[in-house]
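Notes follow once the structure below has been shown.
The values are calculated or read from the model by the stated rules, or taken from the named source; none is laboratory data. The model shown is predicted, which means the values in this text are computed figures rather than measured ones. With ideal geometry, Cβ positions are generated from the backbone for all residues, glycine too; neighbour counts draw on all protein chains shown.
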Amino acid sequence: MQYDIIIGMEIHAQLKTKSKMFCSCANDGEDKKPNTTICEVCVGHPGTLPVINKQAVEWTILTGMAVGCEIADFTKFDRKNYFYPDLPKGYQIAQYDLPISLNGHLNINDKKIKIIRIHLEEDTGKLLHPKNANYSLVDYNRAGTPLMELVTAPDLSSAEDAKNFCQEYQKILRYLNVSDANMEKGQMRCEANISLQEKGKWKKSNGEIKPLNNYKLNPKIELKNINSFKAMERAVNYEIKRQTKVLNEGGKLIQETRGWDDNKGQTYHQREKESAHDYRYFPEPDLPPLILTELKEKLRKKLPELPQTKKERFITEYGFNKIDANFIVVDKNLADYIEKVISEFRAWIETSDKSKKTQDEIWETHRKKIIRLISNWLINKLGGLIKTKNGDISKIKITPKNFAEFLALIFQNKINAASGVKILEIMLKQGKDPSDILDSGDFEQIQNKSALNQIIEKIISDNPKIVEQYKNGKVSVIQFLIGQAMKETKGKANPVIVKEMLIKLLIS
């Protein structure tokens, strides 16, 4: 039997406001002693009244705008009633029929994924299960944290799409600076709703799956407990295979919530899935409705450049390839750093170029070489050094101006790759100016042909078989001779000059 894979996402993101959603408690209880950042409002004591966190509302509006949502003029909060030990009030303050944001989209792998809604609610507490104990503990520090939930239409059709959607949304949250969105810490929780339907037996209407010709839809299964993008891909792929096997063997699926066990690499049953009517939603009587008309117009002006727009600009304006541009925009700090380096390097090029060209002509003449240097040295080499030290580019000691100066030394062939790596390591460790490091050490590249001539003649004399192979047409062996010259000069010789001299001597 052939099945269509249908996936919708629900993504919860904790907002990093200073205080909680409905009280003045500090919103920083993640790493603190259990039950120390709570108050009577957090745990629902009788007679307490919630107060709406304005910052959380504004950030939810901005997030909605960032993904093309319509922002409501009128919105309200509702009570979602259910009992669970981590929900001290016996209900959660959330939004039901009038959310803040509606009808947005994100483009993923050239597919337009519809976003049905983004609404605001409060987070629950956290259950702790001590090893080998027959009881559980509850920590209410997280209770009341502002929580933003995004719900997509069932527009995704693979584990890769689901993962890519979550990654793109994480970038947006970080660009807006509304959430750190760290999955491992539970700051962003991605849940996938997966169903398999027979091909040709269903259609999509207004973001919902509808049966055709009396076909009975297979139920959707919700996946929880996913704490990384890698786990997301594994969990969705496992569930697709599991559901396919059940259906092919004539079994029946039930609408349920399943957890993901990353160690075992499989999903497991948690509970049967509730429907909206099970929660007995009704308007929250202790909170007023909100009129957002004026506020949303003010916030629209604060929307920054977003990842997909920035990626396209880095490709068209600077000439980065798609792979590098994708890598850059994942980290807004890296993108900002690179733009500052380009600005500094461009200013240096325009000053040092003595031609009568305009600034734009000078930039265009050197742009490809500059972008190649940045890709090689800033993204690959510096990026690798920072990664090994668990660093953050916004916190390193190398300023954009100093990095541009370092690239200028490479650009002018004053240092080669081997010396460049050593200088870069010193810059990263000490924050020194690259020119000062060059002056204080034995780093400068040997470009003097007279100084190199004796070394090259010796290498030719010591390798007669290689020389004979070259003269017989195997020109690739010259790389061996260049390598010997670099070894002899401890990596300081200019390889371009070495190659020129070798060829001249070998054909003479």
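General observations
- Residues of the stretch 385-426 satisfying the condition of being surrounded by fewer than 17 Cβ atoms within 10 Å (Cβ to Cβ), under 20 Å from the mean Cα position of the chain (by Cα) and either in a helix (DSSP H, G or I) or on the phi > 0 side of the Ramachandran plot (or both): Lys387, Thr388, Asn390, Ser394, Lys395
- Residues in the stretch 284-334 that are among the acidic types (Asp, Glu) and assigned to a helix (DSSP H, G or I): Glu294, Glu297, Glu312, Glu317, Asp324.
- Failed item, numbered, when Tyr84 is tested on (1) surrounded by 18 or more Cβ atoms within 10 Å (Cβ to Cβ); (2) modelled with pLDDT under 95: (1)
- When we screen Leu102, Leu196, Leu127, Leu150 for residues that are part of a strand (DSSP E or B) and within 30 Å of Asn248 (Cα to Cα), the only hit is Leu196.
- Residue in the stretch 77-88 that is under 30 Å from Pro307 (Cβ atoms) and within 31 Å of the chain's Cα centre (by Cα) present: no
- Take the conditions (1) more than 26 Å from the chain's Cα centre (by Cα); (2) within 18 Å of Gly319 (Cα to Cα); Ile374 misses just one of them, which is (1).
- Some residue of the stretch 276-283 being assigned by TED's automatic domain parsing to the domain that holds Leu62, surrounded by 10 or more Cβ atoms within 10 Å (Cβ to Cβ), among the small types (Gly, Ala, Ser) and within 23 Å of Lys80 (Cβ to Cβ): yes
Residue-by-condition table, conditions (1) modelled with pLDDT under 95; (2) exposed (fewer than 12 other Cβ atoms within 10 Å of the Cβ); (3) under 25 Å from the mean Cα position of the chain (by Cα):
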| position | (1), (2), (3) |
| --- | --- |
| Gly250 | yes, yes, no |
| Pro285 | no, yes, no |
| Leu295 | no, no, no |
| Lys301 | yes, yes, yes |
| Phe320 | no, no, yes |
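- Note on the stretch 322-365: residues that are of a type outside the set (A, V, I, L, M, F, W, C), closer than 21 Å to Gly420 by Cβ and either at pLDDT 95 or above or within 31 Å of the chain's Cα centre (by Cα) (or both) amount to 5.
- Ala133 meets each of the listed conditions (1) of a type in the set (A, V, I, L, M, F, W, C); (2) surrounded by fewer than 17 Cβ atoms within 10 Å (Cβ to Cβ); (3) touching a residue at least 12 places away in the same chain (Cβ under 8 Å) apart from (3).
- In the stretch 1-45, the residues that are surrounded by 14 or more Cβ atoms within 10 Å (Cβ to Cβ), touching a helix residue (DSSP H, G or I) at 6+ places or on another chain (Cβ under 7 Å) and in a loop (DSSP other than H, G, I, E, B): Leu15, Thr17, Met21
- Number of the exception - Leu382 against (1) crowded, with 20+ Cβ neighbours inside 10 Å; (2) at pLDDT below 90; (3) under 21 Å from Met486 (Cα atoms): (3)
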